[in-house]
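Reviewing the structure listed below.
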Amino acid sequence: MSLVRWAPFSAFTSVERQMKAMLDQLPGRGWLEGFDWKPDTDVFKEDDTLVIRAELPGIEADDIEVDVEGSVLHVKGEKKVEHEIEEDDRFLRECRYGAFRRDVMLPDGVDPKLVEATFENGVLMIRVPIPMEPEEPVAMQIEVKPLEVAKT
């Protein structure tokens with residue numbers, strides 16, 4: 001009896017490759033062009049602040065762009081290849097390179113001037129002050145007054 005190496009996820013890798021090849025053949029995918037991957041991101045509330053934490057190892061702060069458009073925060077950038085490796089010399093490739101984009105929905109009423117972004121040790125931290133919630137609606141009866149008819 002011979003030993004067979006158990007690789008339970010090898011079928012998924014093959015399927016993933018096949019699906020990517022099929023999707024690459026579809027026409028009209030210009031909107032996906034240049035956005036090959038998304039950084040791992042956590043979004044959480046810390047007191048009265050929404051915190052977006054994105055892991056961007058191997059990227060410089062100058063290669064990251066953060067902007068707010070309406071109620072959407074956009075994080076864009078590019079991870080550049082340090083040096084090219086011939087495919088024949090490559091044994092494994094898990095690192096992602098190229099352009100990335102991550103969009104996060106923000107609460108209504110966010111003031112973009114108050115958004116702060118810092119980058120340290122490959123981690124982007126964005127702090128968004130959460131706007132104060134409107135006061136509870138007050139029930140109030142409105143008096144209906146008759147409209148005075150202009151005298152002729």
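Would segment 68-85 turn up any residue that is closer than 20 Å to Glu120 by Cα, of a type in the set (Gly, Ala, Ser) and under 17 Å from the mean Cα position of the chain (by Cα)? Looking for residues that are closer than 20 Å to Glu120 by Cα, of a type in the set (Gly, Ala, Ser) and under 17 Å from the mean Cα position of the chain (by Cα), one finds at least one in segment 68-85, hence yes. Does Glu65 count as within 18 Å of Asn121 (Cα to Cα), assigned to a strand (DSSP E or B) and of a type in the set (Asp, Glu)? For Glu65, the condition - within 18 Å of Asn121 (Cα to Cα), assigned to a strand (DSSP E or B) and of a type in the set (Asp, Glu) - is met.
If the condition is being touching a helix residue (DSSP H, G or I) at 6+ places or on another chain (Cβ under 9 Å) and either of a type in the set (Asp, Glu) or modelled with pLDDT of 85 or more (or both), then segment 74-105 contributes Gly77, Glu78.
Can you spot a residue in segment 97-107 that is in a loop (DSSP other than H, G, I, E, B), open to solvent by less than 60 Å² (accessible area, probe 1.4 Å) and touching a strand residue (DSSP E or B) at 6+ places or on another chain (Cβ under 9 Å)?
First, the residues of segment 97-107 that are in a loop (DSSP other than H, G, I, E, B): 97, 106-107.
This time we only want the ones that are open to solvent by less than 60 Å² (accessible area, probe 1.4 Å), so: 106-107.
Filter once more, so that each one left must be touching a strand residue (DSSP E or B) at 6+ places or on another chain (Cβ under 9 Å): 106-107.
Yes.
Just one of the numbered conditions (1) at pLDDT below 75; (2) open to solvent by less than 70 Å² (accessible area, probe 1.4 Å) is not true of Phe119: (1). Scanning segment 70-96 for residues that are among the acidic types (Asp, Glu) and either touching a strand residue (DSSP E or B) at 6+ places or on another chain (Cβ under 9 Å) or open to solvent by less than 70 Å² (accessible area, probe 1.4 Å) (or both) turns up just one, Glu78.
The values are calculated or read from the model by the stated rules, or taken from the named source; none is laboratory data. On a predicted model such as this, the values are computed, not experimentally measured, just so you know. Neighbour counts run over all protein chains shown; Cβ positions are idealised from the backbone, glycine included. For accessibility, only protein heavy atoms count, side chains too; no ligands or nucleic acids. Shrake-Rupley method; radii C 1.70, N 1.55, O 1.52, S 1.80 Å.
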